1. Enumerate the pairs (first residue in region 15-41 and in a strand (DSSP E or B); second residue anywhere and at pLDDT 85 or above and among the polar types (S, T, N, Q)) with beta-carbon separation below 6 Å, excluding pairs fewer than 6 apart on the same chain, so at least 6 apart or on different chains.
2. For the subset of region 119-128 comprising residues that are without any contact (Cβ under 8 Å) to a residue 24 or more places away in the chain and β-branched (V, I, T), which member is least open to solvent (accessible area, probe 1.4 Å)?
3. For R74, which of the numbered conditions (1) assigned to a loop (DSSP other than H, G, I, E, B); (2) surrounded by 14 or more Cβ atoms within 10 Å (Cβ to Cβ) fails to hold?
4. E53 - would you say it is under 21 Å from T121 (Cβ atoms) and open to solvent by 70 Å² or more (accessible area, probe 1.4 Å)?
5. Given the condition assigned to a loop (DSSP other than H, G, I, E, B) and farther than 25 Å from N25 by Cβ, answer yes or no: does some residue in region 84-95 qualify?
6. Among the numbered criteria (1) under 17 Å from E51 (Cα atoms); (2) open to solvent by less than 80 Å² (accessible area, probe 1.4 Å); (3) without any contact (Cβ under 8 Å) to a residue 24 or more places away in the chain, which one does F145 miss?
7. If you check T131, T72, which single one turns out to be free of Cβ contacts under 8 Å to residues at least 12 places away in the same chain and on the phi < 0 side of the Ramachandran plot?
8. So, F130, is that one assigned to a loop (DSSP other than H, G, I, E, B) and closer than 20 Å to W27 by Cβ or not?
Amino acid sequence: MFKFFHAGCVLILLWFACTPILAQNEWVGSYEFSEDGGKNAGGTAIFIRHELEIVSGDDGLIVFIKSNGYQTSRDLICTVKIEGGKLNVYFESYGEDNIFESYEPGDLLLTLERKTEKGKTVLLTHWGKFTPIIPKNEKSGKVYFTKTETIKNEK
């Protein structure tokens, strides 16, 4: 009887140790959100593409955000904090292709939230200091980013 109890305790400890790792791995991948604002008065297309690449690093997950298009060039390096089904993305530094510098280290840029609606998992975006370019996309709690691929880490 003691062996079963001991084995059960070991399994429970392993489950608790692995749960954060599994939660992190669920988020790893590439995500995309495109904004189409039509055309400006001169006929130029107002189109912006936002890409999130979430990778696993030595100290946890790292997020690279790239936004390119009409009057936009953001290249951000971020850290994350996972709280339940939410991934909070915090600004850390700028990448080489960034043009405007409007964030401070530690700023909460956005939160991605996995939620089940009508039996289907959706990814909701809650905007922080990082906001869309087109005003109609500024409402938080809606589906904006979609996962485009899962990245296999080579660790």
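1. Final answer for the pair search is S30/T148; E32/T148; E35/N137.
2. Out of the qualifying residues, it is V122.
3. Tallying (1) assigned to a loop (DSSP other than H, G, I, E, B); (2) surrounded by 14 or more Cβ atoms within 10 Å (Cβ to Cβ), R74 fails exactly one: (1).
4. yes
5. Pass one, region 84-95, residues assigned to a loop (DSSP other than H, G, I, E, B): 84-85, 95.
If we keep only those that are farther than 25 Å from N25 by Cβ as well, we get none.
No, region 84-95 has no match at all.
6. (3)
7. Details: T72 fails: free of Cβ contacts under 8 Å to residues at least 12 places away in the same chain.
Just a single option satisfies the conditions, and that option is T131.
8. Working: assigned to a loop (DSSP other than H, G, I, E, B): yes; closer than 20 Å to W27 by Cβ: yes.
Yes, satisfied.
The values are calculated or read from the model by the stated rules, or taken from the named source; none is laboratory data. All values derive from a computational prediction rather than experimental measurement. Don't worry about glycine lacking a Cβ; one is built from the backbone with ideal geometry, like all the others, and counts go over all protein chains shown. The protein model used for the area step is the full one, side chains on, heavy atoms only, and it has no ligands, DNA or RNA in it. Shrake-Rupley method; radii C 1.70, N 1.55, O 1.52, S 1.80 Å.
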